[in-house]
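Chemist: Here it is, the structure, as structure tokens.
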Amino acid sequence: TLSAMLMAIRDYARRLDELVPQPIFMHEDRLLRVIVGAAEKKLGDDTSLEVQEWRRPASGGVRALLTFNSGLEERQVRTPGGAQTIIVEEEQQWEAVANAWGHLVSLEEKGSKRLTQVK
């Protein structure tokens, strides 16, 4: 009877593994999507963030460097010959720290905004 009971427990555990999904911290791609979504929501609906780098600290959560690009825009620049129109893209970086379940613990702006000339 003991062996029958152990087999029943093993079968039950196997069925649970098939029916119940693994926790989010077991799937890094899903965990990062949740963190990016939470950061975008916190910064505003028009914000689109990309993961530049990330790591898993010993706590089991995630520390990620996220980048926001404003898109292309025209700017007037003064030159010795007069005003010139250039196309620039604004970039800002954020550091997101989240726990193992994808809840944001902190979201901090890193560095200053950077303009990059495209044309």
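Chemist: Using R₀ = 22 Å, calculate the FRET efficiency as 1/(1 + (r/R₀)^6) where r is the Cβ-Cβ separation of Asp29 and Val105; round to 0.05.
Modeler: That gives a FRET efficiency of 0.65.
Chemist: Which value in deg cm²/dmol, rounded to the nearest 500, describes the helix-derived mean residue ellipticity at 222 nm for the chain, given -39,500 (n - 2.57) per DSSP H run of n ≥ 4 and division by the residue count?
Modeler: Calculated from helices alone, the mean residue ellipticity at 222 nm is -9500 deg cm²/dmol.
Chemist: So, one more: Just to be sure I understand: if I project the alpha-carbon convex hull of region 26-74 onto a plane and average over all orientations, what area do I get in nm²?
Modeler: Seen from a random direction, the Cα hull of region 26-74 projects 4.0 nm² on average.
Chemist: Identify, among Ala38, Gly61, Trp94, the residue whose Cα sits farthest towards the positive end of the charge dipole of region 24-117, taking +1 on the Cβ of Lys and Arg and -1 on the Cβ of Asp and Glu, with the dipole about the Cα centre.
Modeler: Gly61
Chemist: Taking the Cα centre of region 24-117 as the origin, how large is its charge dipole in debye, to the nearest 20, when only Lys and Arg (+1) and Asp and Glu (-1) carry charge on their Cβ atoms?
Modeler: It comes to approximately 280 debye.
Chemist: Right, another one. Tell me, what is the percent relative contact order of the chain, built from C-alpha pairs under 8 Å that lie six or more residues apart?
Modeler: 21 percent
Chemist: Then there's this: Between Thr1 and Arg56, what is the spin-label point distance in nm, taking each point 7 Å from the Cα along the Cα→C-beta axis?
Modeler: Simple spin-label model gives 4.3 nm for this pair.
Chemist: Can you check how the C-alpha radius of gyration of region 1-57 compares to 2.2 N^0.38 Å, as a plain ratio?
Modeler: My calculation over the Cα atoms of region 1-57 gives 1.91.
Chemist: For labels at Leu72 and Thr85 in the simple 7 Å Cα→Cβ model, what's the distance in nm?
Modeler: So the two model labels end up 1.3 nm from each other.
Chemist: Taking the number of other C-beta atoms within 10 Å as the exposure measure, put Trp54, Trp101, Trp94 in order starting with the fewest.
Modeler: Arranged by neighbour count, lowest to highest, Trp54, Trp101, Trp94 become Trp101, Trp54, Trp94.
Chemist: Regarding the chain, what are the three Cα extents along the principal axes, ordered largest first, in Å?
Modeler: Answer, in whole Å and largest first: 94, 23, 20 Å.
Values quoted throughout were computed directly from the atomic coordinates according to the rules given, and no laboratory measurement underlies them. In this text the structure is predicted, and so the values were computed from the model without any measurement. So basically every Cβ, Gly included, is an ideal-geometry build from the backbone, and we count neighbours across all protein chains shown.
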